[in-house]
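Read through the structure below, which is laid out as structure tokens, and then see the notes.
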Amino acid sequence: MIPPILLILGACALSAFCSGVETGLYRVPRVRLVLDAVDGSRVARGLLWLTNHPGLFVSTLLVGNTVANYAVPVGLAWLVLEIFGYDDPRVNIAVSILSTPLLFIFCELLPKSLFHQIPHRLLQKTGWPLFLLTIIALPLTWILYLLSRWLQRILGEEPLRIRPALARRELRQVLEEGEQAGLLEPVQRDLVQNMFAYGSDPISRYCMPLRGLRSVQLGTPIDEARQIVLKSNQLILPVLHPRDKRLVGYYDAIELSRNLKPPKLKAISTFEENDGHIAVLNKMVSQNSKLGRIVNSKGQLVGIVLRDRLVSQMLQKT
């Protein structure tokens with residue numbers, strides 16, 4: 001009597017495993033898998049590889065569910081034979097009908113519900129069994145996988161590849177869920193979204209020409225420079241060399257308008273035109289510089305950037 005019971009329990013476990021894992025793979029946030037993969041998790045890397053080959057993991061789970069659904073009635077018929085000593089088709093049908101609700105609840109509904117609620121945690125625990133099942137079922141699933149690839153080529157559709165990078169759509173979904181849960185303020189959500197949206201852009205996209213600001217020459221009387229700041233309503237006042245009009249520094253408009261003594265000429269941070277937006281902003285903040293000089297590979301001036309404008313770009317609503 002023990003072998004048929006073990007067969008039934010094993011088939012039920014396989015059915016519950018395949019049903020739950022299938023829901024978990026569709027439900028788990030790809031951002032979590034990407035971050036875990038970057039941290040070195042082998043399970044996350046394997047799951048990412050499977051999500052990049054949906055035909056393979058769908059075929060694997062389909063084969064597993066088919067085997068389980070076939071093994072359960074076989075095990076029930078075997079158990080009836082062990083109990084009654086003879087094979088009665090009517091008893092087999094009655095047992096199958098009575099066991100169907102239990103199988104549906106515990107092998108389909110319950111595992112799907114659990115994986116739907118906590119997909120990431122459960123997939124981390126069931127990742128290696130899934131990989132083992134994929135290898136075992138490979139002789140059968142390989143044919144289905146090749147067939148799905150052939151259909152994709154005919155239809156001209158390819159599955160979305162999930163690379164170790166944060167997808168903006170999924171990132172927005174995670175941030176919105178955090179805001180709804182009360183973990184993030186709207187301004188924090190907008191800040192993170194803008195960091196991922198603009199952070200890797202070259203700074204040359206956000207620079208402006210030097211002539212876009214009022215400037216003074218080195219040696220200009222402080223009173224005259226103060227009047228220019230008050231009329232132009234600028235936060236900084238670039239200072240040029242009187243001979244070659246080279247940018248040598250800037251005055252802080254607040255210090256220039258409030259202090260009676262001559263303000264200190266502040267140094268300018270220099271960046272290459274291909275430097276990233278976030279890297280430039282971070283360096284300007286660390287150096288306490290409000291004005292940046294953007295140069296090309298030859299060292300020629302391309303434009304300037306203002307720290308306040310870069311900050312505003314990060315805080316604007318998406």
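The values are calculated or read from the model by the stated rules, or taken from the named source; none is laboratory data. This is a predicted model, so every value here is computed, not measured. Using ideal geometry, Cβ is built from the backbone for each residue, glycine included, and neighbour counts are taken over all protein chains shown.
Of all residues in the range 274-318, exactly one satisfies the criterion of being touching a Pro at 6+ places or on another chain (Cβ under 6 Å) and surrounded by 14 or more Cβ atoms within 10 Å (Cβ to Cβ), namely 303. Can you tell me which residue within the range 101-119, out of those that are in a helix (DSSP H, G or I) and without any contact (Cβ under 8 Å) to a residue 24 or more places away in the chain, is surrounded by the most Cβ atoms within 10 Å (Cβ to Cβ)? Among them, the one singled out is 109. I'd like to check something: does the range 5-19 contain any residue that is surrounded by fewer than 17 Cβ atoms within 10 Å (Cβ to Cβ) and touching a Leu at 6+ places or on another chain (Cβ under 9 Å)? Scanning the range 5-19, I find at least one residue that is surrounded by fewer than 17 Cβ atoms within 10 Å (Cβ to Cβ) and touching a Leu at 6+ places or on another chain (Cβ under 9 Å), so the answer is yes. Only one of the listed residues (267, 253) is in contact with a helix residue (DSSP H, G or I) (Cβ under 8 Å, 6 or more places away or on another chain), modelled with pLDDT of 85 or more and not charged (D, E, K, R). That residue is 253.
Conditions (1) at pLDDT 90 or above; (2) outside the structural domain of residue 132 (by TED's automatic domain parsing); (3) under 17 Å from the mean Cα position of the chain (by Cα), marked per residue:
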site: 16; (1), (2), (3): yes, no, no
site: 19; (1), (2), (3): yes, no, no
site: 23; (1), (2), (3): yes, no, no
site: 28; (1), (2), (3): no, no, yes
site: 31; (1), (2), (3): no, no, yes
site: 34; (1), (2), (3): no, no, yes
site: 37; (1), (2), (3): no, no, yes
site: 48; (1), (2), (3): no, no, yes
site: 57; (1), (2), (3): no, no, no
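For residue 174, the requirement of being more than 26 Å from the chain's Cα centre (by Cα) and either surrounded by 13 or more Cβ atoms within 10 Å (Cβ to Cβ) or modelled with pLDDT of 70 or more (or both) is not met.
From the residues in the range 30-74 that are touching a Pro at 6+ places or on another chain (Cβ under 8 Å) and not in a helix (DSSP H, G or I), which one is farthest from residue 103 (Cα to Cα)? Within the range 30-74, the match that is farthest from residue 103 (Cα to Cα) is 52. Inside the range 50-89, residues that are among the charged types (D, E, K, R) and under 18 Å from residue 147 (Cβ atoms) make up a count of 0. Select from the range 224-241 the residues that are surrounded by fewer than 19 Cβ atoms within 10 Å (Cβ to Cβ) and more than 17 Å from residue 268 (Cβ to Cβ) and list them in ascending order. Listed by number, the residues that qualify are 224, 227, 228, 230, 231, 232, 233.
On inspection, residue 258 does not qualify as at pLDDT 85 or above, charged (D, E, K, R), out of contact with any Ser or Thr (no Cβ under 8 Å at 6 or more places or on another chain) and surrounded by fewer than 12 Cβ atoms within 10 Å (Cβ to Cβ).
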